[in-house]
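Right, one structure below, let's go through it.
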Amino acid sequence: MVDGDYFTMTILGRTIEHLGTQMYKHRAPAIAELVANCWDAEANSVWITIPEADQYNAVGSVITIIDDGEGMDADAVQGRYLVVGRNRRAEDGGEKNGRKVMGRKGIGKLAGFGLAEKVTVTTWTGVMEKAIQFSMALNQLRIDAGQAREIKFDRYEVDKQEGWPTSGTRIELSDLRHKTPIEISTLKETLARRFSRTTRGEMTILINEEPLVEPNIDTMYVFPENGEYETKKLSDGNIVQYRYRFANKPLRSKELQGFVIYANERTAQVPPFFFNVESTASAQHSTRYVTGEIIADFTDSGTDNDSDVISTDRQELDWEKEELKELHMWGEELVRKVLRECAEMRGGLLENWIMNEPEFTERLSLLDPSTRKEISKFLKVLGEKSEEQDGRTKDLANSLIRAYEFRAFHDVIDDIEQVGQDPEKLEELLGRLYDWKVLESRAILEIIKGRLSIITKLERMIVGNSPETASSRTDDNLHDLLAEYPWIFNPEWQVYVEEKSIGNTLREWGKTDCPEDMESKRVDFLAFDKNSDDLIIIELKRPGHAVEFNEIQRLEQYQVELMKAREPCRRVLVYGGNVNIPQSKWEEMKSADDFEALEWSKMFKRARTFYTHYEGVLSGDVTSGEFQSKKVEIARTRAILDRGSAHRSKEDRIRGLGSSDV
């Protein structure tokens, strides 16, 4: 380094935060900005090196961008590159050697700080023996608001490396700011869409030595057919060019969906863009299949900052500007037309496939022409939503045809007609019909009948004054029945634990100050109210037992201790209806908001009413549930009913509580 040899940059407070780290939070747009600088430097090639995922380390990894542009000498670095806000278009009229200049605001050099804490610039011209190198650190450039400061960057002369072009610039980004590696495949898609076909044709962009190419999209339709651009003159006299394609399969990448608008060979509006009509368009499901480009150079034709209608980070156009009104109106009309075309084309493909599928042709031939016409119409609508010609789509088509084959299901036909213009609702309805067959409503009916049988068993146990827990007289007991089928308590409760000591419960909740006399006391069940999330303490008393006052007090003690860790908390006493407490006092106790006295008979009647109603619902809409858990429940129900006892084995207890859902 030569003594006193340095570059300077004047920074106004928080410039870097506003124009670097905040504006370029996402890595792909930041890299795109640096590539745009290469274009303006008249580069023919750009080499981008990105660390592979398995080698990425934020501290040790670097990202480099090298171009073979004109490069810079010391005067160019100081007089042009390090001038923040320099409008080069005002100097060269927006074009140099036949290339339209992409840069306009003079801040693209700051994009590197969206990715890294340190930016090292090495640049050289064809006549320089050595390259110039200097580094800018983010913490060096941070200045408090309201201040201005001249920052000095030490300047070095370094040897040109073997393999470097005759002239050019190398940007090295180090001390990277993101912990996660860059998804290279996504970066390729982004850069391919951030620059026009002209840019990528005149300037080769290589990422890790692989040239950036046109995204590979399997298409069903291309407009215009030759793949070039259609030209349109807007009513305000401005010229746009456009083209679009329909993909055979949904475009998974958002970068490939919708339109991108280019101005001066790079993005002015990033994808996916549908002129804000995607939520109201009649064929909105086609947005996943449409990809297109619009060239609107007039949006970036000015040379002064006042005429600029593109956001500084080149992400979007300012659609509030009057000069973009006609473009937006034309774009809305174009998008609605394109989405309709795509939907009709996809619907026609599905219709043709199903109507000529050997599996269906004979069945369709047995239907009258008007019915086949109806089916054909709905198949076209279904085609707007169905993603592929696969087994699932074939199942939905089968459900549609089956609905017409069984004339007894006119209510189903009515439902189909009601949703027949909405692809999403039609697919949902046909899927429901198909799932109905797969899940077998009889299996669900068996579950409900099994639950009704368990409720009947509960009724017999209540009448027979069965014991609360297993005894020497019988293994059959109320506690085990309710533990296996906790939904009996209340369909809106989630019972989650049984016979848990107060001490252990409090310790699990982070509380250790349980009184000694409460330490080993056990609650029968703990539950949560699914609606209010209240904690519920459930205490059982056998049907023939007369509840004593001290038992209510003890239940209240349980509540007080548990409320140290969890509020709100309610008490529920399940009893036979008899109490050994003065009536006036009992009524006073029952009136408490946090206490419920639930009689066995009322609990039984509520459960029976609920499931009788559910059994009736089965004749209408059938929805799927956790089918495997229901199979386990059926097997368990059969076992209990076959042996006539609700006693659980050791294995059953290890398995834990049964299902609480309804």
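No value in this document is a laboratory result; all are computed from the given coordinates. No experiment lies behind these values; they were computed from the predicted model shown. No Cβ is skipped: glycine too gets one built from the backbone with ideal geometry, and neighbour counts run over all protein chains shown.
FRET efficiency for the pair ASP5 and GLU183, taken as 1/(1 + (r/R0)^6) with r the Cβ-Cβ distance and R0 = 25 Å, rounds to 0.05.
On a full-extension model of 0.36 nm per residue, what is the gain between GLU95 and LEU349, subtracting their alpha-carbon distance, rounded to one decimal in nm?
Values: separation 254, 0.36 × 254 = 91.44 nm, distance 4.72 nm.
The GLU95-LEU349 span can extend by a further 86.7 nm.
Please grab the % of Cα pairs in segment 219-345 that end up more than 20 Å from each other.
Details: 3317 of 8001 pairs.
Roughly 41 percent, rounded to a whole number.
A full extension of the chain between SER584 and LYS325 corresponds to an added length of 85.4 nm, given 0.36 nm per residue minus the alpha carbon distance.
Both the radius of gyration and Dmax for segment 503-565 are 12.8, 38 Å, in that order, over alpha-carbon atoms.
Provide the percentage of antiparallel DSSP beta bridges, counting only those with both residues in segment 219-345; round to the nearest 5.
On the way: 19 of 24 bridges.
If I count the DSSP bridges inside segment 219-345, around 80 percent turn out antiparallel.
The distance between label points at THR456 and ASN550 comes to 4.2 nm (points 7 Å beyond Cα on the Cα→Cβ vector).
The GluC sites (Glu not before Pro) of segment 469-554 that meet both conditions, a loop assignment by DSSP and at most 15 other Cβ atoms within 10 Å of the site Cβ, are GLU492, GLU548.
Exceeding 28 Å between C-alpha atoms, which entries from my cross-link table qualify? They are LYS179/LYS511; LYS500/LYS650; LYS249/LYS394; LYS564/LYS590; LYS457/LYS541. Over 28 Å apart, Cα to Cα: LYS179/LYS511.
Looking at segment 126-221, the GluC sites (Glu not before Pro) that sit in a DSSP loop and have at most 16 other Cβ atoms within 10 Å of their own Cβ are GLU129, GLU162, GLU183, GLU209. When the Cα convex hull of segment 576-615 is projected onto planes of every orientation, the mean area is 3.5 nm².
Which links in LYS325/LYS377; LYS521/LYS585; LYS325/LYS380 stretch past 28 Å when you go from one Cα to the other?
From LYS325/LYS377; LYS521/LYS585; LYS325/LYS380, over 28 Å: LYS325/LYS377; LYS325/LYS380.
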